[in-house]
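Have a look at the structure below before the remarks.
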Amino acid sequence: MEVKNYQSGVSLAITKTMSSCQNHLPLIEKEKKRSFTVRIANTLEEREEVFKLGYQIYLEKGYIRENANQWLVQNYDFDPETVIIIVQDQDKKIAGSVTLVFDGCSKLPVESIYEDELKALRASGSKMVELSRLIISPEYRNAKEVLVLLYNYLAIYTHHIANFNAFIVEANPRHKNFYKALLGFEEVGQEKPCPHVQSAPAILLHLPTSFYQSEIHRCHGAMQSNSKERSLYPYFIKPEQENLVAYYLAKQRKAMPDNEKNYFGFAESGFHKVVCV
């Protein structure tokens with residue numbers, strides 16, 4: 001299958017954010033900010049909307065093959081610790097989503113090509129969450145704040161609720177400068193073809209949660225009005241508000257029940273019956 005030269009909502013949001021950074025413009029224009037709600041997907045309807053949106057976007061990119069249900073579902077979705085964070089607009093439609101897969105609970109998707117790198121990270125004390133299935137609806141491909149909200153809330157969940165100490169992401173090499181310049185990720189694995197997206201190129205990036213914590217304290221401290229700050233962290237929630245957000249997210253946490261697992265095709269053997277990649 002050919003990977004198509006189609007710019008997804010995530011790609012466009014990353015490109016526009018990097019352009020603003022390079023041209024010394026505000027990463028998010030206050031006058032364009034819209035009203036969004038961030039929550040954890042914990043109903044069949046919310047999960048199905050994520051799976052359908054992911055399917056639509058990945059299919060348009062040529063990353064997956066067609067399937068009858070039109071869902072992008074993976075085995076890690078059925079793990080009780082997996083969390084799907086969604087950003088909803090005023091009409092409760094999903095504007096963006098990211099899935100958190102926790103090391104030791106499910107096999108991390110990146111392990112298929114970065115097994116040695118993950119062993120080294122674990123040996124160094126990294127307790128990792130993988131950021132997977134990051135998607136933004138085509139309707140909101142110009143909304144950079146959706147991207148910021150997803151990263152902000154996933155960071156709060158990882159640090160305050162799951163108590164994991166590092167993020168990893170398998171990113172398209174075209175996006176690595178976004179992760180490195182605006183979030184502080186470091187490359188820990190060389191470019192490789194990724195079998196999950198029809199052998200499109202991927203690169204492994206890693207970030208300790210301690211870095212994000214130090215940055216939000218720095219950016220919301222004495223230098224919070226510094227217009228020259230070139231990262232996403234000034235747009236994150238203030239450190240003193242994180243515990244309240246964590247409480248809000250923790251109350252929403254709900255593992256997928258058995259009836260939903262059956263609905264989405266989770267077989268008794270422990271594997272998803274619908275092949276998506």
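Structure values in brief
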| read-out | value |
| --- | --- |
| Considering residues of segment 230-250 that are among the hydroxyl-bearing types (Ser, Thr, Tyr) and touching a Leu at 6+ places or on another chain (Cβ under 7 Å) only, the residue nearest to Gly184 (Cα to Cα) | Ser231 |
| Residue under evaluation Ser214, criteria (1) free of Cβ contacts under 8 Å to residues at least 60 places away in the same chain; (2) touching a strand residue (DSSP E or B) at 6+ places or on another chain (Cβ under 7 Å); (3) not hydrophobic (A, V, I, L, M, F, W, C), criterion not met | (2) |
| Qualifying residue in segment 111-120 (condition: farther than 24 Å from Thr209 by Cβ, touching a residue at least 24 places away in the same chain (Cβ under 8 Å) and polar (S, T, N, Q)) | yes |
| Number of positions in segment 228-251 that are surrounded by 15 or more Cβ atoms within 10 Å (Cβ to Cβ) and closer than 20 Å to Cys105 by Cα | 1 |
| Selected residue [touching a strand residue (DSSP E or B) at 6+ places or on another chain (Cβ under 7 Å) and surrounded by fewer than 18 Cβ atoms within 10 Å (Cβ to Cβ)] from Lys119, Lys127 | Lys127 |
| Within segment 196-220, considering residues that are closer than 15 Å to Ile113 by Cα and of a type in the set (Val, Ile, Thr), the one surrounded by the fewest Cβ atoms within 10 Å (Cβ to Cβ) | Val197 |
| Among the candidates Phe185, Phe264, residue that is among the aromatic types (Phe, Trp, Tyr), closer than 21 Å to Val83 by Cα, at pLDDT 90 or above and crowded, with 19+ Cβ neighbours inside 10 Å | Phe264 |
| Single condition Ile113 does not satisfy, out of (1) surrounded by 20 or more Cβ atoms within 10 Å (Cβ to Cβ); (2) in contact with a strand residue (DSSP E or B) (Cβ under 7 Å, 6 or more places away or on another chain) | (1) |
| The lone exception for Arg133 - which of (1) under 13 Å from the mean Cα position of the chain (by Cα); (2) under 15 Å from Thr17 (Cβ atoms); (3) in contact (Cβ under 8 Å) with a residue 40 or more places away in the chain it fails | (2) |
| Positions within segment 132-180 being over 19 Å from Ala202 (Cβ atoms), among the small types (Gly, Ala, Ser) and either in contact with a helix residue (DSSP H, G or I) (Cβ under 9 Å, 6 or more places away or on another chain) or modelled with pLDDT under 95 (or both), in sequence order | Ser137, Ala143, Ala155 |
| Residues located in segment 101-120, provided they are modelled with pLDDT under 95, small (Gly, Ala, Ser) and in a helix (DSSP H, G or I) | Ser112 |
| Within segment 35-56, considering residues that are in a helix (DSSP H, G or I) and among the hydrophobic types (A, V, I, L, M, F, W, C), the one surrounded by the fewest Cβ atoms within 10 Å (Cβ to Cβ) | Leu44 |
| All strands (runs of 3 or more DSSP E) inside segment 121-225 with 2 or more residues being of a type in the set (D, E, K, R) | 128-136, 186-194 |
| Pairs where the first residue, in segment 256-269, is assigned to a helix (DSSP H, G or I) and the second is at pLDDT 95 or above, C-beta under 8 Å, 6+ apart | Glu260/Leu44; Glu260/Arg47; Tyr263/Leu44 |
| Some residue of segment 56-77 being under 15 Å from the mean Cα position of the chain (by Cα) and more than 25 Å from Asn259 (Cα to Cα) | yes |
| Residue match in segment 122-131 (condition: among the hydroxyl-bearing types (Ser, Thr, Tyr) and in contact with a Leu (Cβ under 6 Å, 6 or more places away or on another chain)) | no |
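The values are calculated or read from the model by the stated rules, or taken from the named source; none is laboratory data. Because the structure is a prediction, the values reported are computed rather than measured. Please note: Cβ atoms are built from the backbone with ideal geometry, for glycine as well, and neighbour counts cover all protein chains shown.
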